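Student: Attaching a single structure in structure tokens format; questions to follow.
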Amino acid sequence: MGNIADEIAKRRTFAIISHPDAGKTTLTEKFLLYGGAINLAGSVKGKATARHAVSDWMEIEKQRGISVTSSVLQFNYGGFCINILDTPGHQDFSEDTYRTLMAADSAVMVIDASKGVEAQTRKLFKVCTMRHIPIFTFINKLDRDAMDTFDLLDDIEKNLGIATCPVNWPIGSGKEFKGVYDRELQEIITYADTEKGTKEGHETRIPLSDEALLRAQIGEDKTEQLLGEIELLDGASAPFDLEEVQAGMLTPVFFGSALTNFGVEIFLQHFLKMALPPTARVSDKGPVDPVEQGFSAFVFKIQANMNKAHRDRIAFMRICSGRYEAGMEVRHVQSGRVQRLQQPQQLMASDRKILDEAYAGDIMGVFDPGLYSIGDTLCLPKDAFRYEGIPTFAPEHFARVRQVDTMKRDQFVKGITQIAQEGAIQIFQEFNTGMEEIICGVVGMLQFDVLKFRLKSEYNVEIYLDTLPYEHIRWIVNRDLDVSKIVGTSDMKRIKDLKGNPLLLFVNPWSVQMVLDRNKGLELADFSRE
Ligand code: G4P
């Protein structure tokens, strides 16, 4: 058993945000390689096989060969204990992807050097900035032809609204990729295409001052170009400021190639130095210090029906303070109940193990007898504070849902309401009517299939889903406003959520602004904190 303060100081808990195919999996693999958690790269992915080993609980996963759940990877490197939270992407992009970011202390943003900022990265980035967590950028695939480096930085700044500070600088790309220039050490690290799956290979370091050697190694043209770019860069880029990085206002930028394992360890080392260990989180009694306060955690994700026969659920919680020890009693604040956690486990890429102890920064999965909801707090029996809730994020796909068999109305309403309460989908109603019209909203299209599947297999209800054209949803911030008096647009629809909060749906993004212009004083939000 370690000293609590030391154990927490070692923790670095982060999520990787990226657009599909930017190289998130490949980069994770390489991190694990450095941590000695795996021997051969490739074992994280092995798309079909490894992922099923993680979670072959849902039929739909098997059918589609994808993972609906997200896993957590823990490994040690250089005296740190690192937790990587996987943010599901591709078709399994869902609210869980956003919620996972609520459990992270920082984010690594992977960008494909030939593509720049892409849609999914933009969405995830927004959630990170909402929390002001530090964001570290790894620009990947420099072994392929890349966009101009200044354009890439400009793209990040303009598209995401965050200042950038390159920690290193690429020399060429694709066939002409020669390596990176380390701005702090003022030396060039030459590119060596190391064998896939091995640790970083035989790179050489050349000081910038040794111009003759530099010219001999990377060529006249590349040397001239580099010297010119360094001059420009030193004049134009934001100075490095660790406080700004830690406040999420400035992102340090690194360049490399995850596939050929170039620049990955340099990135990891800098990241670990700059990223923060678990810090105080906001609760209704003020900030909670991770070391001073005894055990506390909040639920950020609930995964239902891992085993259909038992209808069990796993609640994933992020420990925010103190230490969890096997067998200890904790209070579930929302219900007031004091109990032992059931089968607390750590979910790894390839297996699960029962936890003996865990510290602030760690994630554990706990058997949920139907007690927990997303955002709930657990703490010591003597305490009773609550962490700030997890916001509800804007769904982007909507469908009207009806049961096929009208006789099964009650089962249908019960099922869909329960699934919505678990946070797998959101349900809405027409503004002026009751439950007779149910509109379902999801972040990723796959959730519609999940809903269909679960209603059939768990509640024996078949449904019709009629997709609706709306893509933009806004919560109305002004509580005292008469919603029926809002001057709308032809594509606007008024609805309400389960709690009766009024919302507006739009087909076109520009209609949102039009409605704001037409209704002075109206305030709209694209997430809800209630
Ligand atoms: P993701 O998790 O972000 O979706 O991306 P992933 O790591 O799966 O990478 C997507 C594709 O990009 C993979 O190729 C991967 O090998 C490739 N890739 C990742 N990093 C680099 C890099 O630094 N350079 C180059 N050239 N390619 C890179 P794939 O052919 O789609 O998959 P696979 O058959 O190799 O697994």
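Student: In the structure shown, do any of Lys408/Lys499; Lys178/Lys222; Lys115/Lys222; Lys408/Lys452 have a Cα-Cα gap over 19 Å, and if so which?
Tutor: Lys408/Lys499; Lys115/Lys222
Student: Using all Cα-Cα distances in the chain, what percent lands in each 20 angstrom bin from 0 up to the longest?
Tutor: 21, 51, 25, 3, 0
Student: log₁₀ I(q)/I(0) of the range 418-515 at q = 0.15, 0.19 Å⁻¹, via Debye over equal Cα point scatterers, no solvent, to two decimals?
Tutor: Computed log10 I(q)/I(0) values: -0.65, -0.99.
Student: From the phi of every residue in the range 253-258, what ³J(HN,Hα) in whole Hz does the Karplus formula 6.51 cos²θ - 1.76 cosθ + 1.60 yield, where θ is phi - 60° and glycine or proline is x?
Tutor: For the range 253-258, the Karplus curve yields 10, 10, 10, x, 9, 5 Hz.
Student: Run a plain Debye calculation on the range 242-325 (Cα atoms as equal point scatterers, no solvent) and give log10 I(q)/I(0) at q = 0.13, 0.22 Å⁻¹, rounded to two decimals, same order as the q list.
Tutor: Rounded to two decimals, the profile gives -0.74, -1.01.
Student: Angle between the Cα long axis of helix 149-160 and the longest principal axis of the chain, 0 to 90 degrees, nearest 10?
Tutor: 20 degrees
Student: Now for a different question. Nothing charged except the Cβ atoms of Lys and Arg (+1) and of Asp and Glu (-1): what's the magnitude of the dipole of the chain about its Cα centre? Round to the nearest 20 debye.
Tutor: 2140 debye
Student: Work out, step by step, the length gained on full extension between Arg340 and Glu523: first 0.36 nm times the residue separation, then minus their alpha carbon distance; give nm to one decimal.
Tutor: Contour length minus the Cα-Cα distance gives 61.5 nm.
Student: Separate question: To make sure I understand, if each residue's beta carbon is the centre and we count other beta carbons within 10 Å, what order do Glu211, Glu203 fall in, fewest to most?
Tutor: Glu211, Glu203
Student: Taking a cut-off of 18 Å between Cα atoms, list the aspartates and glutamates near Lys30, but don't count ones fewer than 8 places away on the same chain.
Tutor: Asp21, Asp86, Asp112, Asp143, Asp193, Glu195, Glu200, Glu203, Glu265
Student: Kirkwood Rh and Cα-based Rg: tell me the resulting Rg over Rh for the range 383-453, rounded to two decimals.
Tutor: On the Cα set of the range 383-453, Rg over Rh gives 1.04.
Student: Another one. If we count other beta carbons within 10 Å of each Cβ, what is the order of Trp510, Trp169, fewest first?
Tutor: Ordered from fewest to most neighbouring Cβ atoms within 10 Å, Trp510, Trp169 come out as Trp510, Trp169.
Student: What do you get for the angle between helix 509-518 and the principal long axis of the chain? Use alpha-carbon atoms, 0 to 90 degrees, nearest ten.
Tutor: 70 degrees
Student: Taking 4 °C and 1.567 mPa s as the conditions, I'd like the Stokes-Einstein D for the range 191-301 in µm²/s, using the Kirkwood hydrodynamic radius from alpha carbon pairs.
Tutor: Answer from the Stokes-Einstein relation: 71 µm²/s.
Student: Which value, in debye to the nearest 20, describes the size of the charge dipole of the range 231-300 about its Cα centre when Lys and Arg Cβ atoms bear +1, Asp and Glu Cβ atoms bear -1, and nothing else is charged?
Tutor: Rounded to the nearest 20 debye, it is 300 debye.
Bear in mind that the values in this text are calculations on the coordinates, not laboratory data. Note that this is a predicted model, so its numbers are computed, not measured. Please note: Cβ atoms are built from the backbone with ideal geometry, for glycine as well, and neighbour counts cover all protein chains shown.
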